[in-house]
Amino acid sequence: MKIEKTVRILNKRARFEYEILEEIEAGMVLTGTEIKSLRSSKASITEAFCQFIDGELYIINMMIDEYKLGTFYNHKTKRERKLLLHKRELLKFEKKLKDAGNTIIPLKLYINDAGKAKILVALGRGKKLFDKREAIKDRENKRNLDRILKKS
């Protein structure tokens, strides 16, 4: 089992589904087998979202696979994990979350230079169908332009 030096798990659908208003980096409360699985890149945040429970922010539905060598100490794959933020950041996010259509979504899960697991969460507003169509059109135009420039 190879442990990577730089682990980056991305939520590619988040920027397509949501308009990103604000981003913030947060730590997570993890158990020993969870961090070992993360270092092996055995996690997914595509279906995850964040929610306030008793004034604290939790990430829900994030999937971290069980550690192969963990015995009865292994963790649950989809448990609620507490996010570590400063009090003023929590209050700011909680206040902005009360606006209609806003939600907190994870964008990127990584291990920083100090070896700590960090998650980049963002305050986002859901996009409408026509916004998504514009994003697809812009992406196709950029791809065609790059293709033309490469040929010449």
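In this structure, Phe72 does satisfy being assigned to a loop (DSSP other than H, G, I, E, B) and either modelled with pLDDT of 90 or more or surrounded by fewer than 16 Cβ atoms within 10 Å (Cβ to Cβ) (or both).
Among the residues here, Arg81 qualifies as touching a helix residue (DSSP H, G or I) at 6+ places or on another chain (Cβ under 9 Å), farther than 16 Å from Ala122 by Cα and touching a residue at least 24 places away in the same chain (Cβ under 8 Å).
Does Thr33 satisfy being touching a strand residue (DSSP E or B) at 6+ places or on another chain (Cβ under 7 Å), of a type in the set (Val, Ile, Thr), touching a residue at least 12 places away in the same chain (Cβ under 8 Å) and not in a strand (DSSP E or B)? Judged against the criteria, Thr33 is not a match.
All told, Tyr67 meets the bar of being more than 14 Å from the chain's Cα centre (by Cα), buried (at least 16 other Cβ atoms within 10 Å of the Cβ) and of a type in the set (Ser, Thr, Tyr).
Quick check on my filter: what residues within segment 40-64 are open to solvent by 50 Å² or more (accessible area, probe 1.4 Å) and over 16 Å from the mean Cα position of the chain (by Cα)? Matches in segment 40-64: Ile53, Asp54, Glu56. On the basis of being exposed (fewer than 10 other Cβ atoms within 10 Å of the Cβ) and either touching a helix residue (DSSP H, G or I) at 6+ places or on another chain (Cβ under 9 Å) or closer than 16 Å to Arg13 by Cα (or both), does Leu129 make the cut? Considered against the rule, which asks whether it is exposed (fewer than 10 other Cβ atoms within 10 Å of the Cβ) and either touching a helix residue (DSSP H, G or I) at 6+ places or on another chain (Cβ under 9 Å) or closer than 16 Å to Arg13 by Cα (or both), Leu129 comes out as yes.
Among what's in segment 75-85 and is assigned to a loop (DSSP other than H, G, I, E, B) and within 18 Å of the chain's Cα centre (by Cα), pick the residue that is farthest from Leu38 (Cα to Cα). Applying the filter and picking the extreme gives Leu85.
For segment 86-94, does any single residue satisfy the condition of being part of a strand (DSSP E or B) and open to solvent by less than 70 Å² (accessible area, probe 1.4 Å)? No, segment 86-94 contains no residue that is part of a strand (DSSP E or B) and open to solvent by less than 70 Å² (accessible area, probe 1.4 Å). Give me the residue from segment 84-98 that is out of contact with any helix residue (DSSP H, G or I) (no Cβ under 9 Å at 6 or more places or on another chain) and touching a residue at least 24 places away in the same chain (Cβ under 8 Å) and, out of that set, farthest from Thr31 (Cα to Cα). If we take residues in segment 84-98 being out of contact with any helix residue (DSSP H, G or I) (no Cβ under 9 Å at 6 or more places or on another chain) and touching a residue at least 24 places away in the same chain (Cβ under 8 Å), then Lys96 is farthest from Thr31 (Cα to Cα).
Criterion first (open to solvent by less than 30 Å² (accessible area, probe 1.4 Å), touching a residue at least 60 places away in the same chain (Cβ under 8 Å) and either out of contact with any Phe, Trp or Tyr (no Cβ under 8 Å at 6 or more places or on another chain) or basic (Lys, Arg) (or both)) does Ala117 satisfy it? So Ala117 fails the test. Taken over segment 1-30, the criterion of being outside any strand (DSSP E or B) and either among the acidic types (Asp, Glu) or within 13 Å of Ile104 (Cβ to Cβ) (or both) is satisfied by Glu4, Asn11, Ala14, Glu17.
The values are calculated or read from the model by the stated rules, or taken from the named source; none is laboratory data. Please read all numbers here as calculations on a predicted model, not as lab measurements. Note: ideal-geometry Cβ built from the backbone for every residue, glycine included; neighbour counts use all protein chains shown. Protein only, heavy atoms only, side chains kept; ligands, DNA and RNA dropped before computing areas. Shrake-Rupley method; radii C 1.70, N 1.55, O 1.52, S 1.80 Å.
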